[in-house]
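K.L.:
Have a look at this one.
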Amino acid sequence: MLKLVQNNDPKSRAVLFFQELHKTQKVYFLRGEGHPIVGDSQFFADEEDVPSTAIPFWTKSFLPFAQKWSPQAKPEEVSLEELQDTWLPQIDDNAMVLGLNWDDEGAGYECTAAEILMYLEMAENEEEIELPD
């Protein structure tokens, strides 16, 4: 069993997100009252500076942070295939972003759907993933 240790570096958690997703082929989101739990993006906004909606996903090793962030919500598993074929197109169509392994306060690195696909390909090719600041 992994010990729950706070990793305060959002970029490191994001890189681990891609590595673990590639290895396990699954991630998790939180469902509450019939809908995925979302938050305001900390890094993306529209032309009027209204924050984009971020839907956070966690890999299994970071799932305890999700459950601390939103204890009433239920984690639901998503396969890599479903993420790529269903979730990412819908997220892109709705101008949303993905939160990656957010901490227990709902903060962390965020990516667009297109960036997710690019980094997943890098992980698949075992390339080093360097995320921009």
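The values are calculated or read from the model by the stated rules, or taken from the named source; none is laboratory data. From a predicted model like this one, the values you see are computed outputs, not experimental measurements. Here the Cβ positions follow ideal geometry from the backbone for every residue, glycine too, while neighbour counts run over all protein chains shown.
K.L.:
Filter segment 84-121 for residues that are farther than 18 Å from SER52 by Cβ and either touching a residue at least 40 places away in the same chain (Cβ under 8 Å) or in contact with a Phe, Trp or Tyr (Cβ under 8 Å, 6 or more places away or on another chain) (or both) and give the result.
P.N.:
Correct list: ASN101, ASP103, ASP104, GLU105, TYR119, LEU120.
K.L.:
Still on this structure: What number of residues within segment 81-97 are touching a helix residue (DSSP H, G or I) at 6+ places or on another chain (Cβ under 6 Å) and among the hydrophobic types (A, V, I, L, M, F, W, C)?
P.N.:
2
K.L.:
Here's something else I'd like to know. So, in segment 36-55, exactly how many residues are aliphatic (A, V, I, L, M), under 20 Å from ASP133 (Cα atoms) and over 14 Å from the mean Cα position of the chain (by Cα)?
P.N.:
1
K.L.:
Also, quick follow-up: Given THR112, THR86, which one is at negative phi, of a type in the set (S, T, N, Q) and surrounded by fewer than 16 Cβ atoms within 10 Å (Cβ to Cβ)?
P.N.:
Of the residues listed, the single one that is at negative phi, of a type in the set (S, T, N, Q) and surrounded by fewer than 16 Cβ atoms within 10 Å (Cβ to Cβ) is THR86.
K.L.:
So which residues in segment 81-114 are assigned to a loop (DSSP other than H, G, I, E, B), of a type in the set (A, V, I, L, M, F, W, C) and within 20 Å of ASP46 (Cβ to Cβ)?
P.N.:
The answer is ALA95, MET96.
K.L.:
Quick check: is even one residue across segment 60-75 modelled with pLDDT of 95 or more, within 15 Å of the chain's Cα centre (by Cα) and closer than 20 Å to ASP133 by Cβ?
P.N.:
no
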